[in-house]
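The values are calculated or read from the model by the stated rules, or taken from the named source; none is laboratory data. If you're wondering where the values come from, they're calculated on a predicted model, not measured in any experiment. Using ideal geometry, Cβ is built from the backbone for each residue, glycine included, and neighbour counts are taken over all protein chains shown. For the accessible areas, the whole protein counts, side chains as well, though only heavy atoms, and no ligand, DNA or RNA atoms are used. Shrake-Rupley method; radii C 1.70, N 1.55, O 1.52, S 1.80 Å.
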Amino acid sequence: MLKAGIIGYGTIGKSIAELIQSQQAGNIELKSVLVRNLDRTGELPMNSFSITNDEEVFFHQDLDIVIEAAGHHALQLYGKKALASGSHLMIISVGALSDNEFLETLQKAAQKNNKQILIPSAAIGGLDRIAAGALGEIEGITLITRKPVKSWYGTIAEEKVNLEKITEPYCIFEGNARNAAKLFPENVNVSATLSLAGIGFEKTNVQVYVDPTIKRNIHTIKAKGYFGEIEISVQNEPYKQNPKSSPIVAMSVAKVLNNLTSSIVIGV
C-alpha cells in the first residue's frame, strides 16, 4: 500500500480525500493533509488521516506521493520540498509550470531524488494521443475553453466584460498558452498541461470565452500533425461550491493513483 499526502483541503482536496477513503483510488492510504488554516477544515472522518498546518510534520511522514491541490503559490512553496522528502509529486496547478525557471527547478529536484512529477489529465481529454503525436511533427495545437459566467467571478474576466449583463459568448483572451496560464491561474491550467504534453507554451494557441449560453465548462482541443488529426471536446460539470473547477479533476487524480498500484493500466 502506498502512503499519500495532500496539500490543500478545499473543494478538490476534499474530493480527492473522499475518493481515496472510499478505495476508488487503488491501494492507497491517505496519511495526512497539509493546510494553511486548521480552523477552515471542518469536521474530518473518524479514525482517518491527520491534518496539519506544520509543513515539517507533513513532510516527515515517509509519504510515497504528495498531491498538490492548493494553487500555484502552494506548489511554488512545497513542490521542491515534496520531491526532496522522497515523495513523488502530483500536480494539479499545472499553470505554475509556465515559469520556465520553476519548471527546471522541479525537474532537477525530481532527477536528483529519483522521483517523478505526475500530471493528471484533469479537465481535458486526449493527452495520450497528443503526447504520442509529439514524437513526430505537429503542425499546430489549439485549445478553446468556454466557461459559464459563474466560473469567472473573482478573476481578471471581470475587468474585461460585465458579467452581470453579458448575453452572448465573449472572447476574453486569445494568445499563447504561457500567457493564458499566467492570466487565468485557476481557470486555464489545462492550457499548461496541453503545452507540456505537446509542442510547448509558445506554440500552443489558446482562446478563452465567457459564455452565458452554457452551464458546463467546455474544453475543445484541435491538433494536426504527422500522426493525423484530432478534435476532441469535453463538457465538465462544474462544482456547485467552486464553479472554476469540476469533479472530473479529482477523479482524474484518483485514476492516476489507481494506476500506481493496479496490475492493469489503461489509457497511458
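How large is the charge dipole for the stretch 97-236, taken about the Cα centre, if only the Cβ atoms of Lys, Arg (+1) and Asp, Glu (-1) carry charge, to the nearest 20 debye? Don't skip to the end; give the middle numbers.
Details: 16 positive and 16 negative charges, 69 e Å.
Using Cβ point charges on Lys, Arg, Asp and Glu, the stretch 97-236 gives about 340 debye.
For the chain, what % of the accessible area comes from carbon and sulfur atoms, probe 1.4 Å?
For the chain, the apolar C and S fraction of the accessible surface comes to 46 percent.
For the pair ILE166 and SER262, what calculated FRET efficiency results from E = 1/(1 + (r/R0)^6), where r is the Cβ-Cβ distance and R0 = 30 Å, to the nearest 0.05?
0.10
Using label points projected 7 Å from each Cα along Cα→Cβ, tell me how many nm separate GLN241 and TYR226, to one decimal.
Using points 7 Å along Cα→Cβ, the separation is 4.8 nm.
Post the alpha-carbon centroid distance, the stretch 106-133 to the stretch 203-268, in whole angstrom.
Taking the Cα centre of the stretch 203-268 as reference, the centre of the stretch 106-133 is 15 Å away.
Please go through the residue pairs LYS147/LYS240; LYS81/LYS182; LYS160/LYS182; LYS14/LYS80; LYS147/LYS203 and name each one whose alpha carbons sit more than 19 Å apart in this structure.
LYS81/LYS182; LYS14/LYS80; LYS147/LYS203
Given charges of +1 on the Cβ of Lys and Arg and -1 on the Cβ of Asp and Glu, with all other atoms neutral, how large is the dipole of the chain about its Cα centre, in debye to the nearest 20?
180
Can you tell me the dipole magnitude for the stretch 32-124 around its Cα centre, using point charges on the Cβ only (Lys, Arg +1; Asp, Glu -1), in Debye to the nearest 20?
Charge dipole of the stretch 32-124: 220 debye, to the nearest 20.
Based on Cα positions only, what radius of gyration and what Dmax would you give for the stretch 198-268, in angstroms?
Taking only Cα atoms of the stretch 198-268, I get Rg and Dmax of 15.6, 44 Å.
What 222 nm value per residue comes from the helices of the chain, counting each DSSP H run with n ≥ 4 as -39,500 (n - 2.57) and dividing by all residues, nearest 500 deg cm²/dmol? Please list the in-between numbers first.
Values: 9 runs with 83 residues, N = 268.
Only helices count here, giving -9000 deg cm²/dmol.
According to the square roots a ≥ b ≥ c of the eigenvalues of the Cα gyration tensor, what is the shape class of the stretch 117-268, taking rounded for a/c under 1.5, prolate for a/b larger than b/c otherwise, and oblate for the remainder?
Oblate.
Give me the orientation-averaged projected area of the Cα convex hull of the stretch 101-203, in nm², one decimal.
That works out to 8.1 nm², a quarter of the Cα hull's surface.
Which aspartates and glutamates have a Cα less than 12 Å from the Cα of LYS3, not counting those fewer than 8 places away in the same chain?
The reachable aspartates and glutamates, counting only those whose Cα sits under 12 Å from LYS3, are GLU29, ASP62, ASP64.
Between ILE12, ILE166, ILE65, which gets the highest mean-square fluctuation from a Gaussian network model of the chain, Cα cutoff 10 Å?
In the Gaussian network model the winner is ILE166.
Amide H to amide H under 5 Å from ASN53: which residues, 5+ apart in sequence or cross-chain, H placed 1.01 Å off N in plane?
Excluding prolines and chain starts, which carry no amide H, the hits are VAL35.
If amide hydrogens are placed 1.01 Å from N in the peptide plane, which non-local residues have theirs closer than 5 Å to the one on ILE67?
Excluding prolines and chain starts, which carry no amide H, the hits are GLY5, ILE6, ILE7, MET90.
With both bridge residues required to lie in the chain, what share of the DSSP beta bridges run antiparallel, to the nearest 5%? Write out the running numbers ahead of the final one.
Details: 23 of 49 bridges.
Beta bridges within the chain, antiparallel portion: roughly 45 percent.
At a 1.4 Å probe radius, which order do TYR209, TYR170 fall into by accessible area, largest first?
Largest accessible area first, the residues go TYR170, TYR209.
Spelling out what I want: for every residue of the stretch 113-126, take phi, set θ = phi - 60°, compute 6.51 cos²θ - 1.76 cosθ + 1.60 (Karplus), and round to whole Hz; glycine and proline get x.
Values per residue, Gly and Pro as x: 9, 6, 10, 10, 9, 10, 10, x, 5, 6, 7, 10, x, x Hz.
Along the positive direction of the dipole of the chain (beta-carbon charges: Lys, Arg +1; Asp, Glu -1; about the Cα centre), which of SER263, TYR239, VAL190 reaches farthest?
Of SER263, TYR239, VAL190, it is TYR239.
Once you order the gyration tensor axes a ≥ b ≥ c over the Cα atoms, which shape class does the stretch 22-113 get: rounded for a/c under 1.5, otherwise prolate or oblate by comparing a/b with b/c?
In terms of gyration-tensor shape, prolate.
Quick one: if the Förster radius is 30 Å, what FRET efficiency do LYS215 and GLN111 give, using the C-beta to C-beta distance and rounding to 0.05?
E between LYS215 and GLN111, to the nearest 0.05, is 0.10.
Go through [x] 46, 40, 35; [y] 83, 46, 35; [z] 50, 45, 34 and flag the label whose value is the computed Cα extents along the principal axes in Å for this structure.
Read-out taken from this structure: [z].
Once the piece of chain linking ASP54 and HIS73 is laid out straight, how much longer is it, given 0.36 nm per residue of separation minus the C-alpha distance between them?
Extending this stretch completely gives an extra 5.2 nm.
Just name one of GLY175, ILE91, SER121: the one whose Cα is farthest towards the positive end of the charge dipole of the stretch 72-188 (beta-carbon charges, Lys/Arg +1, Asp/Glu -1).
Of the options given, the answer is ILE91.
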